[in-house]
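Asker: Submitted below is the structure of interest, expressed as structure tokens.
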Amino acid sequence: MQQNAHSAYDIVVVGGGLVGASLVLALAEHGLRIAVLDTQPLGRQLWQRDEPSSGLGHFDPRVSAITPASQRFLGSLGVWDAVMQRRASPYTDMHVWEADGTGSIHFAAGDIHCEALGHIVENAVLLAALHERLHGVSGVDLLAPVALESLERLPVPGALDADQSRTVLALADGRSLRARVLVAADGAHSRVRELAGFELSEWDYEHHAIVTTVRTSLPHQRTAAQRFMDDGVLAFLPLQTAPGEDDQHYCSIVWSVLPERAATLMQQSDAEFAGALEAAIEGRFGRIEHVDPRFSVPLRQRHARQYVQEGIALIGDAAHTIHPLAGQGVNLGFQDASALASQLLQALARQDEPGSLQVLRRYQRQRIGHNLGMMWVMEGFKRLYADQALPLRWLRNAGMAGLDRTVLLKSRIMRSAMGMD
């Protein structure tokens, strides 16, 4: 895929990460001229498996809980088989419980006649599979590494104008591109969103997420675990070392805590941190035998008040970021990419202009309500468990225990979270 000498494109996607790459693959091979811009190289060799015995850092600390709906989307792109050939851990059960209480919920794939609730996949594995496929499609120019310097909005073209470009992009290396549709897939600190003047609602969760990988003495048995505590939430997510291997002693952890608690945990030795982790998860996985390097990430929630302007659309973290509590961030992004690709291709089939506000608003209507709903659910959980008043704690425990006994409602929640409804 050589760089095209022409500067005019039907679609320019800024950001070649998980969501941006998936959108490009959904649009590729439909006769469109597509360019992908990224500040990082978009190479083929992004992931190589290291065996656990090789030492620290053999797992990517960033993982995603891929739902069956996202799995189907990646399968339609010709990517899921490549993910599974690298490594992905199916999980069949999830236990959720509250500290200092009796409330707990157990979700099991067998209850809804499914093989798995989802797969825990390292982000580096997903990205490698997507980029490998990206290098195999035609009609896509990969312009990376390069930075977006500025953008200029053009007057809306008339019906008879040959060039239907709506935006001009100036790149840091001096090149200039024209785009009928510009898509911002450049993450939470989106340059496109900033340059185009999208309004943003943003607030601090007042939590930091500590992420790392651990080896445990007891097998995870393909079970994810979440424990709600006074100062945050701890999740253990099962990992698999390699396809066909059944070493169930590695978990990715996401521990969301108050900033001062996060600072203390980050300063601890590996042995001290392992002890704190064992206590926080109540020994469910036995001893913590090994801890990979830890990373602490401040958590903020962001949501663009509008996802679209004439000729521009936001997807993924450029449009919304949520608490990692349910691991839904990348799934929401994949759903954005799928919905936008569908609307753009439908518009082209109708011979409508894909960059028109009318077309792009169809994508916004399809996604904004769902994304806002998920964000408010996460915010509700955060506030619910931040309040330690005794009556509320009793109600939380009673509600959790009652939900666990309500088979139909629990099944509905599982199917909805998995994208099956």
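The values are calculated or read from the model by the stated rules, or taken from the named source; none is laboratory data. As the structure is a prediction and not an experimental result, all values here were calculated from the model. All Cβ positions, glycine included, derive from the backbone under ideal geometry; neighbour counts span all protein chains shown.
Asker: List, please: which pairs have Cβ atoms under 8 Å, are six or more places apart or on different chains, and start with a residue in segment 68-95 that is assigned by TED's automatic domain parsing to the domain that holds CYS251 and surrounded by 18 or more Cβ atoms within 10 Å (Cβ to Cβ) and end with one that is assigned to a loop (DSSP other than H, G, I, E, B) and hydroxyl-bearing (Ser, Thr, Tyr)?
Answerer: Hits for this filter: ARG87/THR241.
Asker: Picking from ASP111, ASP173, ASP163, which residue would you name as being among the charged types (D, E, K, R), in the same structural domain as MET94 (by TED's automatic domain parsing) and farther than 21 Å from LEU23 by Cα?
Answerer: Details: ASP173 fails: in the same structural domain as MET94 (by TED's automatic domain parsing); ASP163 fails: in the same structural domain as MET94 (by TED's automatic domain parsing).
Going through ASP111, ASP173, ASP163 in turn, just one is among the charged types (D, E, K, R), in the same structural domain as MET94 (by TED's automatic domain parsing) and farther than 21 Å from LEU23 by Cα: ASP111.
Asker: Have a look at ASP247, ASP231 and point out the one that is out of contact with any Cys (no Cβ under 8 Å at 6 or more places or on another chain), under 18 Å from VAL96 (Cα atoms), outside the structural domain of GLN364 (by TED's automatic domain parsing) and surrounded by fewer than 20 Cβ atoms within 10 Å (Cβ to Cβ).
Answerer: ASP231
Asker: Any chance segment 185-207 includes a residue that's more than 30 Å from GLN309 (Cα to Cα) and assigned to a strand (DSSP E or B)?
Answerer: Just the residues of segment 185-207 that are more than 30 Å from GLN309 (Cα to Cα), to begin with: 206-207.
With assigned to a strand (DSSP E or B) added as a condition, the list becomes 206-207.
Yes: one or more hits.
Asker: Okay, moving on. So which of GLY355, GLY333 is under 17 Å from VAL13 (Cα atoms), in a loop (DSSP other than H, G, I, E, B) and at pLDDT 90 or above?
Answerer: GLY355
Asker: Before we move on, is VAL63 within 30 Å of ASP231 (Cβ to Cβ) and either within 21 Å of the chain's Cα centre (by Cα) or modelled with pLDDT under 90 (or both)?
Answerer: yes
Asker: So LEU130 fits all but one of (1) under 15 Å from the mean Cα position of the chain (by Cα); (2) within 21 Å of THR241 (Cβ to Cβ); (3) crowded, with 18+ Cβ neighbours inside 10 Å; what number is the exception?
Answerer: Tallying (1) under 15 Å from the mean Cα position of the chain (by Cα); (2) within 21 Å of THR241 (Cβ to Cβ); (3) crowded, with 18+ Cβ neighbours inside 10 Å, LEU130 fails exactly one: (2).
Asker: Looking at segment 280-330, which of the residues that are over 21 Å from ALA65 (Cβ atoms) and of a type in the set (D, E, K, R) is nearest to the chain's Cα centre (by Cα)?
Answerer: Looking at the filtered set, the residue picked out is ARG305.
Asker: Does segment 272-327 hold any residues that are of a type in the set (Asp, Glu) and outside any helix (DSSP H, G or I), and which are they?
Answerer: Within segment 272-327, GLU282, GLU289, ASP292, GLU310 meet the criteria.
Asker: With respect to THR241, determine if the residue is in the same structural domain as ARG284 (by TED's automatic domain parsing) and either at pLDDT 95 or above or among the small types (Gly, Ala, Ser) (or both).
Answerer: Spelling it out, it is not the case that THR241 is in the same structural domain as ARG284 (by TED's automatic domain parsing) and either at pLDDT 95 or above or among the small types (Gly, Ala, Ser) (or both).
Asker: Let me ask something else about it. When you go through (1) surrounded by fewer than 22 Cβ atoms within 10 Å (Cβ to Cβ); (2) without any contact (Cβ under 8 Å) to a residue 60 or more places away in the chain one by one for TRP203, which number turns out not to apply?
Answerer: (2)
Asker: Another question, if that's okay. Hey, any hits in segment 251-261 for a residue that's part of a loop (DSSP other than H, G, I, E, B) and in contact (Cβ under 8 Å) with a residue 40 or more places away in the chain?
Answerer: Looking for residues that are part of a loop (DSSP other than H, G, I, E, B) and in contact (Cβ under 8 Å) with a residue 40 or more places away in the chain, one finds at least one in segment 251-261, hence yes.
Asker: Also: Being touching a helix residue (DSSP H, G or I) at 6+ places or on another chain (Cβ under 8 Å) and either more than 26 Å from ARG261 (Cα to Cα) or surrounded by fewer than 23 Cβ atoms within 10 Å (Cβ to Cβ) (or both): is that true of GLN309 here?
Answerer: Details: touching a helix residue (DSSP H, G or I) at 6+ places or on another chain (Cβ under 8 Å): yes; either more than 26 Å from ARG261 (Cα to Cα) or surrounded by fewer than 23 Cβ atoms within 10 Å (Cβ to Cβ) (or both): yes.
The answer is yes for GLN309.
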